[in-house]
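Q: Right, I'll just put the structure down here and ask away after.
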Amino acid sequence: MQRLYVMFPDRGPGLGLLWLRLCVAGGLLAGGSPAGAPGLMCVAAIGLLLPGLLTPLAVLLAVSGLYGQGAALPWLLLPLALLMLGPGAYSLDARLFGRRLLQRRPPPNG
C-alpha cells in the first residue's frame with residue numbers, strides 16, 4: 001500500500017480527502033438497492049471507504065458495482081479520483097501503511 005501513495009496528507013487536504021471518501025460512500029448508499037452482485041459490491045465498498053481501509057480495493061468494488069448498476073460516467077469517475085489521490089491521513093490506511101520514523105537503537109554495552 002505504501003508504494004501506491006506518495007504521502008498521506010493531513011490538515012486541510014486530509015480533511016478534503018476524508019470528505020471525498022464520505023461523499024463517494026454516500027453516493028453509493030443513495031445509488032439504489034443492494035440487490036444482486038453490484039449492490040453487494042457497493043455495500044462492501046461503503047464498509048471499506050468509511051474508515052478508509054484498503055482504499056484501492058474499495059474503489060475497485062465501487063466502480064464495479066456502479067458499472068453493474070448502469071451508473072453515469074461522473075459517478076464512475078468520482079471513485080477513480082479517490083484512487084489517484086489516496087485515502088489521506090485520517091484513514092486506517094494511513095495508520096497501517098503510512099510513513100514511520102525509524103530510530104536507531106544504541107549499541108549494546110559489551
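The values are calculated or read from the model by the stated rules, or taken from the named source; none is laboratory data. All of these numbers come straight from a predicted model, not from anything done at the bench. A quick note on method: Cβ atoms are made from the backbone with ideal geometry, for glycine too, and the neighbour counts reach across all protein chains shown. Surface accessibility is based on the protein's heavy atoms, side chains included, excluding ligands, DNA and RNA. Shrake-Rupley method; radii C 1.70, N 1.55, O 1.52, S 1.80 Å.
Q: Only one of (1) over 20 Å from Gly16 (Cβ atoms); (2) in contact (Cβ under 8 Å) with a residue 60 or more places away in the chain; (3) not aromatic (Phe, Trp, Tyr) fails for Leu54. Which number is that?
A: (2)
Q: Which one is nearest to Phe97 (Cα to Cα) among residues in region 57-71 that are open to solvent by 60 Å² or more (accessible area, probe 1.4 Å) and touching a residue at least 24 places away in the same chain (Cβ under 8 Å)?
A: Tyr67
Q: Next question, about the same structure. I want to confirm something. Restricting to region 90-110 and keeping residues that are of a type in the set (A, V, I, L, M, F, W, C) and open to solvent by 30 Å² or more (accessible area, probe 1.4 Å), which single residue is farthest from Ala35 (Cα to Cα)?
A: This residue is Leu102.
Q: All but one of (1) surrounded by 12 or more Cβ atoms within 10 Å (Cβ to Cβ); (2) closer than 23 Å to Pro38 by Cβ hold for Pro74; which doesn't?
A: For Pro74, the exception is condition (1).
Q: Take residues that are of a type outside the set (Gly, Ala, Ser), under 9 Å from the mean Cα position of the chain (by Cα) and under 12 Å from Val24 (Cα atoms) and tell me which of the helices (runs of 4 or more DSSP H) falling wholly in region 45-110 contain 1 or more.
A: So the answer is 55-68, 73-85.
Q: Can you find even one residue in region 35-51 that is touching a residue at least 40 places away in the same chain (Cβ under 8 Å), within 23 Å of Gly12 (Cβ to Cβ) and not β-branched (Val, Ile, Thr)?
A: The answer is yes; a qualifying residue exists.
Q: Restricting the search to region 1-27, which residues are within 20 Å of Leu92 (Cα to Cα) and modelled with pLDDT under 90?
A: Scanning region 1-27 gives Met1, Gln2, Arg3, Leu4, Tyr5, Val6, Met7, Phe8, Pro9, Asp10.
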